[in-house]
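Chemist: Below is a structure I'd like to ask you about.
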Amino acid sequence: MRVCEITKLAEYQFNLDDQKFFAKVSGDYNPVHLDEEFARRTMFGKLVVHGIHGAIWALDNYLATLDDFTFSFLTLKMSFLSSIDLSHCVQVYLVEQSGFEFTLEVRNNDHVATIIEGMLGGAQLGR
């Protein structure tokens, strides 16, 4: 299957509770993600979502569309192009899929923040 039309998979607005949870599970307590006063003095000027958190969220939403399959990742490449602003909704789009290769875009305020390219392997119908 080759997706030619871009498909929006999900939309979400991360919040400070999400940030705190991800910091706890990842061990990444960088104040640019957690401390509003500190973040105001950075190049971002505001709180931003952990980039990998946004990417994991996007992958989770994509993988939910494949719930009848079990697989492994053969390749996974992530390009972090810009920050995800905590004060805006973020969307994940499936922009291309051909067989088990896919490309996702995480968009923040109509800008591409993250591109995720991957290939799934060992795909089998679930039981």
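Chemist: So which residues in the range 77-98 are of a type in the set (A, V, I, L, M, F, W, C), in a strand (DSSP E or B) and touching a residue at least 40 places away in the same chain (Cβ under 8 Å), if there are any at all?
Modeler: Val90, Val92, Leu94, Val95, listed by residue number.
Chemist: Being assigned to a helix (DSSP H, G or I) and open to solvent by 60 Å² or more (accessible area, probe 1.4 Å) is the filter; apply it to the range 63-76 and report the residue that is farthest from Leu16 (Cα to Cα).
Modeler: Among those residues, the one meeting the criterion is Thr65.
Chemist: Count, please, the residues in the range 97-118 that happen to be open to solvent by 60 Å² or more (accessible area, probe 1.4 Å) and at pLDDT below 95.
Modeler: Residues in the range 97-118 being open to solvent by 60 Å² or more (accessible area, probe 1.4 Å) and at pLDDT below 95: 5 in total.
Chemist: Given the structure, is Phe80 open to solvent by 60 Å² or more (accessible area, probe 1.4 Å) and touching a Gly at 6+ places or on another chain (Cβ under 6 Å)?
Modeler: Yes, satisfied.
Chemist: Any chance you could count how many residues in the range 5-60 are among the aromatic types (Phe, Trp, Tyr) and assigned to a loop (DSSP other than H, G, I, E, B)? Let's see the steps before the verdict.
Modeler: Taking the range 5-60 and keeping what is among the aromatic types (Phe, Trp, Tyr), we get 12, 14, 21-22, 29, 38, 44, 57.
Add one more test, that the residue is assigned to a loop (DSSP other than H, G, I, E, B), and what stays is 14, 29, 44.
Qualifying residue count, the range 5-60: 3.
Chemist: Sort out which residues of the range 6-62 are open to solvent by 40 Å² or more (accessible area, probe 1.4 Å), acidic (Asp, Glu) and touching a helix residue (DSSP H, G or I) at 6+ places or on another chain (Cβ under 9 Å), and write them in order of number.
Modeler: Asp28, Glu36
Chemist: Only one of Phe44, Phe21, Phe102, Phe38 is closer than 27 Å to Gly121 by Cα and not basic (Lys, Arg). Can you tell me which?
Modeler: It is Phe102.
Chemist: Still on this model: If I filter the range 97-117 for residues that are among the aromatic types (Phe, Trp, Tyr) and more than 14 Å from the chain's Cα centre (by Cα), do I get at least one hit? Step through it out loud before you land on a result.
Modeler: Narrowing the range 97-117 to residues among the aromatic types (Phe, Trp, Tyr): 100, 102.
Of the ones still in play, those that are also more than 14 Å from the chain's Cα centre (by Cα) are 100.
Checked the range 97-117: at least one residue is among the aromatic types (Phe, Trp, Tyr) and more than 14 Å from the chain's Cα centre (by Cα).
The values are calculated or read from the model by the stated rules, or taken from the named source; none is laboratory data. Keep in mind the model is a prediction, meaning the values are calculated, not measured. All Cβ positions, even for glycine, are placed from backbone atoms using ideal geometry, and neighbour counts span all protein chains on display. Note: accessible area is taken over every heavy atom of the protein model, side chains too, but ligands, DNA and RNA are not part of it. Shrake-Rupley method; radii C 1.70, N 1.55, O 1.52, S 1.80 Å.
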